Amino acid sequence: MSSGLNTELERLRNAVAAEVFKVVRRRMTYILLLALALLVSIFYLLLWLRIREGPGRRRNALEDWLALKTAISFFNVTPYGLALERLFATVVCVVFAGTMMGNEFDWRTVGPTMGQGVRRWHFLFSKTVISVGFTVVAVVFGFLVAGAASAWFTSLYGLSYGSFGPERFGEAVASVSRTVFVIVPFVLLSILCATVWRSAGLAVGTALAVYFMEGIFTGLLSNATGWVSHIPDALLNINNDSIMSLNGTIPGEGAGPLLSGSGGEPIWRAWLVILAWAAGFLVLAFGTFQRRDIQE
Amino acid sequence: MFPPLVTGMLTPIESLLGLRDRSAAGRPSHQSFREGNMPAASGVGLSNNGALERDAPVVEARGLVKHYGTTVAVAGVDLVVEKGSVFGVLGPNGSGKSTTVRLLLGLVRPDRGTIQLFGEPLSKRGADLLPRVGSVVETPSFVPYLSGRDNLRLMDRYTPRAGEAGVEQALRRVHLEDAAHRRFKTYSLGMKQRLGIAFAILRGPELIILDEPTNGLDPQGTREVRELIPQLAAEGRTIVLCSHLLHEVEQVCDRVAIFGAGRIVAEGRTADIIARRAELEVRIPEIDAAELALRESPWGQSLRREDGALYVSGPGSEGRSVNRFLVERGLFADVLRPVHQSLEEAFFELTAEGAT
């Protein structure tokens, strides 16, 4: 490798190291992880309270109650825990990424950093790497919390733990990776919005609005006919559902709304659509930041 | 930096990313107050082969133009800062001086014009050149949840140069070592300013750009900064000082550029700018006779009478010549005193001229 390339790699490494320096000293990092753990725990707690009340007397109540018990068992922790994660970790990771980039403008720290010769793409690249890294950490951490919660319920009600072995471990790793994959586009969208609007609040607000509102519009369009009905196919949510369905499905309706969505798109297309959106967000973010004047 | 093959591949990418020069140099468009507008002699030396060569100016900007929408922020600025000088940048708000500083730091891209730092183009070599520059632009901004010390450590992680010892030395130099453990968000404006200066000098830069460095400092702090600047210059560093405190600039800068309406309206040695309206004050008992005589002299046109004194200016109006002129006519002055404009007076006069 030439010395020039070595120099570039060293600068890139320095930029990432500087971001790590900031992130590990940032209280927000730990608050977000704690919030994620709390959200997952509270959700499992609410399910447990519901199970404790018993099945009730309405029609199909027993089937729903049994389905819920099955859903929160350790046997189903991979599909169910990660479905929870998809919601909560997306929110947490979007906040993390949006504030990490947006605060640089809010605090006017981007000027001094760029003014000392840090290449702009190195700066944004390091933000992207750290955001994706945080997404991995958040999903794994949340999954462990979900695992602990479901193990407790499983032990409490004598439910099935499922098998333990390399195959299941491999399946869990693949499922975690898929969950990270479907969250990352929203993380990149958050970075893009922070770069365009130079504000953490606007970035987080916009990315979360897209995340939640897209589902509503997709739902509205699902009953449409003609070409309009195909619009959701090109959006993120339906394709994310398809990818998430590879993690496994929960039988019955009692598991709640988190596993909704058609998820019926061809998997290869779902990968492509999500990758295309992620790449688009990334290119736009880099293009914008590269050309933009640093004026607070 | 890269092998030719990779460089060839990078060139179009750099162009695409806006890292390459976009236009040619412009021409100077302002009043120059130095003889023949020649570079200072401090950078002249002999090369290895004995030929006379001159150090490239530390900053050389030519024909800089920057628009924001329809607003012209910088309208053809030419700026040369020689090695080792303390260069003052003056101008009212909105005159383009802060935008020019941002252009010099690569934060803002020019619409036209070129910038060279240390003799190399900023647009191509910014990542190599800017680590040799220390700067504070407007109010210093750092990560609020990090301590002063950690903020310096952070900045040194991006472009490592100073190390732990350098961080401590910079903190000591601005007398911030006792508060270095406190979070930046708890700092007073003066402490923030000190940390900004510590950041600017952190990596032992060859060029230091200070934008309003005494803003928010108490008189003691202002004095310390004013003393620090010549010290830094004595270490061989080049200083660019932007300030609206004309007295401050007059005290520490050897050269000055005065901005007005996006242009440099005057540039030159501080002493020359101050001396542009140098006059000789003559106090004499026979003032009417003296005025009559001086009206017939080569200085007659610019002669003025004010508060019981005559003010003589123009070529050869030094005290000795005027005194001889008066004595030859039997007129004996009580007082012959050179009077200079203050930089403040020059500033207002020049910026008013620039505006019209």
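On the principal axes of its alpha-carbon atoms, the range A:28-116 has extents of 68, 20, 20 Å, going from largest to smallest. On full extension, the segment bounded by B:Asp307 and B:Thr186 gains 38.2 nm, given 0.36 nm per residue less the C-alpha separation. Take the Cα of B:Glu164, step 7 Å toward its Cβ, do the same at A:Ala174, and the gap between the two points is 4.8 nm. Per residue, the convex hull spanned by the alpha carbons of the range B:218-338 comes to 169 Å³. For the peptide B:128-137, the mean number of other protein chain Cβ atoms found within 10 angstrom of a residue's Cβ is 3. Shown here: the protein assembly as shown, whose C-alpha atoms stretch 127, 53, 51 Å along the first, second and third principal axes, sorted largest to smallest.
Bridgeable aspartates and glutamates around A:Lys127 (alpha carbons under 12 Å apart, same-chain partners fewer than 8 residues away excluded): A:Glu19, A:Glu104. Enumerate the lysines that B:Lys97 could reach by cross-link, defined here as Cα to Cα under 17 Å, with residues fewer than 8 away along the same chain left out. Result set, ordered by chain and number: B:Lys66. With a Förster radius of 45 Å, plug the Cβ-Cβ distance of A:Arg57 and A:Leu220 into 1/(1 + (r/R0)^6) and report the FRET value to the nearest 0.05. Taking R0 as 45 Å, the efficiency between A:Arg57 and A:Leu220 is 0.80.
Under a 5 Å amide H cut-off, with hydrogens placed 1.01 Å from N, B:Val240 pairs with B:Phe87, B:Ile208, B:Ile209, B:Leu210 among residues at least 5 apart or on other chains. Straight-line cross-link reach from B:Lys83 at under 13 Å between alpha-carbon atoms covers these aspartates and glutamates, not counting any fewer than eight positions away in the same chain: B:Asp55, B:Glu60, B:Glu206, B:Glu235, B:Asp254. With respect to chain A, whose longest principal axis is taken over its alpha-carbon atoms, helix A:267-291 is tilted by about 30°. Across the range A:56-101, the volume of the C-alpha convex hull divided among the residues equals 85 Å³ per residue. For B:Ile264, the residues whose amide H sits under 5 Å from its own are B:Asp78, ignoring neighbours fewer than 5 places away on the same chain, with H placed 1.01 Å from N.
Averaging Cα coordinates gives a centre for the range B:140-211 and one for the range A:12-68; these two points are 40 Å apart.
Between A:Leu46 and B:Thr70, what FRET efficiency comes out of the Förster formula 1/(1 + (r/R0)^6) with R0 = 56 Å and r the beta carbon distance, rounded to 0.05? Before the final figure, lay out each step's value.
On the way: r = 58 Å, r/R0 = 1.03.
So, using R0 = 56 Å, E works out to roughly 0.45.
Give me the dipole magnitude in Debye, nearest 20, for the protein assembly as shown about the Cα centre, with unit charges on the beta carbon: positive for Lys and Arg, negative for Asp and Glu.
Dipole about the Cα centre, nearest 20: 1760 debye.
How much of the pair distance distribution for the range A:90-213 lies past 19 Å, counting alpha-carbon pairs only, in percent? Across the range A:90-213, Cα pairs with separations above 19 Å total 56 percent. Three principal axis extents of the range B:133-196 based on alpha-carbon atoms, in descending order, are 28, 24, 21 Å. Stokes-Einstein diffusion for the range B:281-334 at 10 °C, viscosity 1.306 mPa s, with a Kirkwood radius from C-alpha pairs, works out to 147 µm²/s. Given points 7 Å out from each Cα along the Cα-Cβ axis, report the A:Thr288 to A:Phe212 separation in nanometres with one decimal. For the pair A:Thr288/A:Phe212, the computed spacing is 2.1 nm.
Applied to the range A:147-162, the Karplus parametrisation 6.51 cos²θ - 1.76 cosθ + 1.60 on θ = phi - 60° returns per-residue 3J(HN,Hα) values of x, 5, 5, 6, 5, 5, 5, 4, 5, 5, 9, x, 8, 7, 8, x Hz, with x for Gly and Pro.
Projecting label points 7 angstrom from Cα along Cα→Cβ for B:Lys124 and A:Ser229 puts them 6.0 nm apart. Diffusion coefficient of the range A:103-176 by Stokes-Einstein, Kirkwood radius over Cα pairs, 37 °C, 0.692 mPa s: 206 µm²/s. For chain A, the longest principal axis of the alpha carbon atoms and the long axis of helix A:61-71 meet at an angle near 40°.
Going from the residue with the fewest nearby Cβ atoms within 10 Å to the one with the most, A:Leu124, A:Leu38 rank A:Leu38, A:Leu124.
Only the coordinates and a few stated rules stand behind these numbers; no lab work does. This is a predicted model, so every value here is computed, not measured. Neighbour counts are summed over all protein chains in view; Cβ atoms, including those assigned to glycine, are modelled from backbone coordinates with ideal geometry.
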